[in-house]
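Contents: one structure, followed by commentary.
The values are calculated or read from the model by the stated rules, or taken from the named source; none is laboratory data. Bear in mind that the values here come from a model prediction, so they are computed numbers and not experimental data. With ideal geometry, Cβ positions are generated from the backbone for all residues, glycine too; neighbour counts draw on all protein chains shown. The accessibility values were calculated without ligands, DNA or RNA, using every heavy atom of the protein model including side chains. Shrake-Rupley method; radii C 1.70, N 1.55, O 1.52, S 1.80 Å.
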Amino acid sequence: VQLVESGGDLVQTGGSLRLSCAAPGSILSTYTMGWYRQAPGKQRDLVASITNRGSTNYADSVKGRFTISKDNAKNTVYLHMDSLKPEDTAVYYCNTVPVVLYWGQGTQVTVSS
């Protein structure tokens, strides 16, 4: 069972990005999915989640700037990020909440000041 994240890039402060996570099978219709991020030297933290029914939740640090969504038919979870800040720089991963799958390779987001 493999998760594949994509969409990371180098952007300037205030920019936007959309990350994608391809998940296998019926994962999205069964589990709560989340986007996590890990900055160098820091722990991996959950920043956004979406339940199998579509309810969302966000960490305070990204609330109002990030939007999580999913397309069950495409088995894909998205993270739309607006008003990016240098402190958003991290490797971003998707997984279930709580984590039950192997981690993917992640996608690097770098926000320059």
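Scan segment 64-84 for residues that are under 15 Å from ARG18 (Cα atoms) and surrounded by 15 or more Cβ atoms within 10 Å (Cβ to Cβ) and the total you get is 12.
Every residue, every condition in (1) touching a Leu at 6+ places or on another chain (Cβ under 8 Å); (2) touching a residue at least 40 places away in the same chain (Cβ under 8 Å); (3) not charged (D, E, K, R), yes or no:
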{"site": "MET33", "(1), (2), (3)": "no, yes, yes"}
{"site": "ASP45", "(1), (2), (3)": "no, no, no"}
{"site": "ILE50", "(1), (2), (3)": "no, no, yes"}
{"site": "GLY54", "(1), (2), (3)": "no, no, yes"}
{"site": "TYR58", "(1), (2), (3)": "no, no, yes"}
{"site": "LYS85", "(1), (2), (3)": "no, yes, no"}
{"site": "THR89", "(1), (2), (3)": "no, yes, yes"}
{"site": "TYR93", "(1), (2), (3)": "yes, yes, yes"}
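I'd like the full set of residues that are touching a residue at least 60 places away in the same chain (Cβ under 8 Å) and among the hydrophobic types (A, V, I, L, M, F, W, C), limited to segment 1-31. Scanning segment 1-31 gives VAL1, LEU3, VAL4, LEU10, VAL11, LEU17, LEU19, CYS21, ALA23, ILE27.
For segment 55-113, the set of residues classified as of a type in the set (Asp, Glu) and within 13 Å of ARG37 (Cα to Cα) consists of GLU87, ASP88, listed by residue number. Residues that are open to solvent by 30 Å² or more (accessible area, probe 1.4 Å) and of a type in the set (Phe, Trp, Tyr) do not occur anywhere in segment 85-92.
Listed by position, the strands (runs of 3 or more DSSP E) enclosed by segment 9-63 that each have at least 1 residues that are open to solvent by less than 40 Å² (accessible area, probe 1.4 Å) are 10-12, 17-22, 33-38, 45-50.
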